[in-house]
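Structure, as structure tokens:
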Amino acid sequence: MPSKILKDGTVLAFDQTSQSIRVLRKASILIDNDRISAVEEDFEALPKSEGVEIIDVSGKIVSPGFVNTHVHMWQTVYRTLGPNVTLSQYFDWVSQASEGARAAFTPEDIHISSLEGYLEGLNSGVTSCVEHAHNNWSAPVMESGYRAAVESGARVWWCYDVAPRPTFSADEQWAAYGGLEQDESRRVLPGLSLDGLSWTLLNGDGKGLEFIQEKKETLNLQALTLHHLGSPWPQGNSSPTRVCADNEIHSAGLPIIFSHAPFLTESDMKALRDNDMFVSITPESECHYGHGQSTGHLISDQASLGLDTTWTFSGDMLSQTRLWLQLVRLRNYTKTLDTGRLPNANPMPVEQAFLLATRQGGRALHRDDIGVITVGAKADLVVFNGDSPNMLGWSDPIAAIVLHANAGDVKHVLVDGEWRKRDFKLVDLSQPWEGLRSKFVEASKRIQAQLAVPPPLPEKLWGVGEFGNVEHVSTVRK
């Protein structure tokens, strides 16, 4: 692959010493193969090999790729099916636990739904994802989701959720997962979800760590992830405290990401910090479904951002970053206002929100070369045009991205130094867009028709969780 130079852009470089963004107003980036090999403010100082491709990005903003640390791409075909769904409705209606959902999807549906989800992310500058792959009810269904990740060209930690099914036992799932053909580019990395295992594996008997260490060795695991809610939500053994103090899973030496984690205890936060584990806050999901999010603002040093179910809302990290920034601001402003005093400062700078969506995602995965622009980092880069009506006139490039940009402003996207989007168009697709679009629309219409009516809520969630009334809001005058 010939070298590339992104020439004379406004570059959002990462300063390791200050742990902050260093804005370079006119800088060029040299890309050799999959890495950033130089960042120079003097273009002439860059070494230039024969055949190097020079791309003029003057007047544009060059950002590291965004890192989405929690998503379920197989559900993308549901898009707009559940605009008012709650989390308690979701489980028996459209989740992997729903008999109706499992019956509705063919393996090809899983493939096309997942592939379109990854492409939606790439289109908006999401270059890395942690896929919580709970499409786990048959070998072809599992394999189709994995194949989509490989074909997408995105960087994916593909964390499979082993949950025994009547027609697909745990032993069969382990064998099928171990038999997947490895991604030759090493862009899709094997991981594991602990959700389906948490009730049995994480029981404090000391065998969980040994089990994970064995799977790390045989499957070359690169990450662990699991859902955690807490407080009123029925729980298994999914808290950071249980995972560490009672099971010592952190000793396996793998990054561990707890998705949502809206009600962390002091013990949980200590476990996260002491063992360098992270939460994935998914702001739009937690607002939409009713997970809650009471403690995320207290653990920013061990937090990253994710998307969760992109069929219910936007699939770009720009929206999540902006929403979380303003939710934290609102929460902390309100604390002051409730004392009868006026806020004397802004509680969260835009730079911190930007870092949560980029650098913190890399940290969550224990990768110093992801989510940053620095020499030696992966060449996962996003170029914002900045000339649209919503961005025109920007002077602060970080504020321009966090507060004003949308997916339509993303001109170029590179992953491993390879073009995934160029001149506002997705490129190097595994199949022509027209065919992909037709397959996706057909699957979406068929599956949504099969699942059009949500089932009624049970008396209690999983026989334990108590429901309470919610105050409704309406524009209708009574």
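Descriptive notes on the structure:
- Using a probe radius of 1.4 angstrom, the carbon and sulfur fraction of the accessible surface of the chain is 51%.
- Order by protection proxy (mean Cβ within 10 Å, highest first), peptides 373-382, 117-126, 175-184: 117-126, 373-382, 175-184
- Nonlocal Lys pairs with alpha-carbon distance under 26 Å, region 67-361 (8 or more apart, or different chains): 5
- The largest-to-smallest principal axis extents of the Cα set in region 106-220 are 46, 27, 23 Å.
- The packing ranking of peptides 127-134, 450-457, highest mean first, is 127-134, 450-457, where packing means the average number of other beta carbon atoms within 10 angstrom of each residue.
- Take each peptide in 349-357, 278-286, 228-236, 35-43, count the other Cβ atoms within 10 Å of every residue, and average; sorted highest first, the result is 278-286, 349-357, 228-236, 35-43.
- Each other residue within a Cβ distance under 15 Å of Leu392 adds +1 if Lys or Arg and -1 if Asp or Glu, for a net charge of -1.
- For the chain, the spread of Cα positions along each principal axis, largest first, Å: 68, 62, 50
- Amide proton proximity set for Arg35, modelled H, under 5 Å, gap of 5+: Ala379
- Only Cα sites of region 363-433 enter the Debye sum here, all with the same form factor; the resulting log10 I(q)/I(0) across q = 0.17, 0.20, 0.22 1/Å is -0.77, -0.95, -1.03, listed in q order.
- The ellipsoid equivalent to the alpha-carbon distribution of region 312-391 has semi-axes of 30, 17, 13 angstrom, derived from the gyration tensor eigenvalues as √(5λ) and listed largest first.
- Along its first, second and third principal axes, ordered by size, region 15-165 spans 62, 33, 28 Å in Cα coordinates.
- Solvent exposure of region 67-361, expressed per residue, is 34 Å² of accessible area, with all protein chains present and a 1.4 angstrom probe.
- Region 183-260: translational diffusion in µm²/s, Stokes-Einstein, Kirkwood Rh over Cα pairs, 25 °C, 0.890 mPa s: 189
- Taking every DSSP bridge with both residues inside region 67-361, close to 5 percent are antiparallel.
The values are calculated or read from the model by the stated rules, or taken from the named source; none is laboratory data. Not measured: the values here are computed from a predicted model. Ideal geometry is used to build each Cβ from the backbone, glycine not excepted, and the neighbour counts take in all protein chains shown. Heads up: the accessible areas ignore ligands, DNA and RNA and are worked out on the full protein's heavy atoms, side chains in. Shrake-Rupley method; radii C 1.70, N 1.55, O 1.52, S 1.80 Å.
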